[in-house]
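Colleague: Please find one structure pasted underneath; my questions will follow.
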């Protein structure tokens, strides 16, 4: 069985909302807690939560996840990616989640992981109506390329550089793509 590390990106600056959207309540629960509850239902090799907020880090640790403080979050998302990769255990793949997508379903996670197990050298991502989304699984072989990202570059750069390695998994609803 391949090992997959889940990485939750929770250190963003919420530029569009001009407030910390991860603490906004949805059904009396902070937005970021939804992904933690969902990830807790799957047997990942490890779950790493990269954040700038102490409350999020503490909550992640209460779930038994590894909380990673990102003091360099102002430099962009590449710093969260690097922090996670540098603090991860040896694994076969890295599955990146964003903390502001509360509607990701466990069924989708299972489908993506199953596809990665069948194609461990590929980038596996969901799509709806031909539009790619998150979460994305990157194979260990692309770790060094991910570590080379700078500023606000994210996984899309690596995806675009490795188009021949992409495998898409169709999801049935676009509500899973909704980020707050």
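All of the numbers you see were taken from the coordinates with simple rules; none came from a lab. This is a predicted model, so every value here is computed, not measured. Note that we place each Cβ from the backbone using ideal geometry, even for glycine, and neighbour counts take in every protein chain shown.
Colleague: Roughly speaking, what is the centre-to-centre gap between segment 36-63 and segment 82-138 when only Cα atoms are used, to the nearest Å?
Modeller: Cα centroid to Cα centroid, the span is 15 Å.
Colleague: What is the fewest-to-most order of 104, 137, 166 by other Cβ atoms lying within 10 Å of their Cβ?
Modeller: Ranked by crowding around the Cβ, least crowded first: 166, 104, 137.
Colleague: Still on this structure, I have one more. Among 46, 79, 144, which one shows the biggest mean-square fluctuation in a GNM of the chain, springs joining Cα atoms closer than 10 Å?
Modeller: Largest GNM mean-square fluctuation: 144.
Colleague: Now, a different point. Using the count of nearby Cβ atoms within 10 Å as a rough guide to exposure, how do 167, 7 rank from fewest to most?
Modeller: Fewest-to-most ranking of 167, 7: 167, 7.
Colleague: So I have [x] 0.93; [y] 0.97; [z] 1.09, and one of them is Rg/Rh (Cα atoms, Kirkwood Rh) calculated from this model. Which one is it?
Modeller: [x]
Colleague: Per DSSP helix of 4 or more residues, -39500 (n - 2.57); summed, then divided by the residues of the chain. What does that give at 222 nm, rounded to the nearest 500?
Modeller: That calculation yields -8500 deg cm²/dmol at 222 nm.
Colleague: Sticking with this one: If you average 1/r over all unlike Cα pairs in segment 16-99 and invert the result, what Kirkwood radius do you get in angstrom?
Modeller: 13.6
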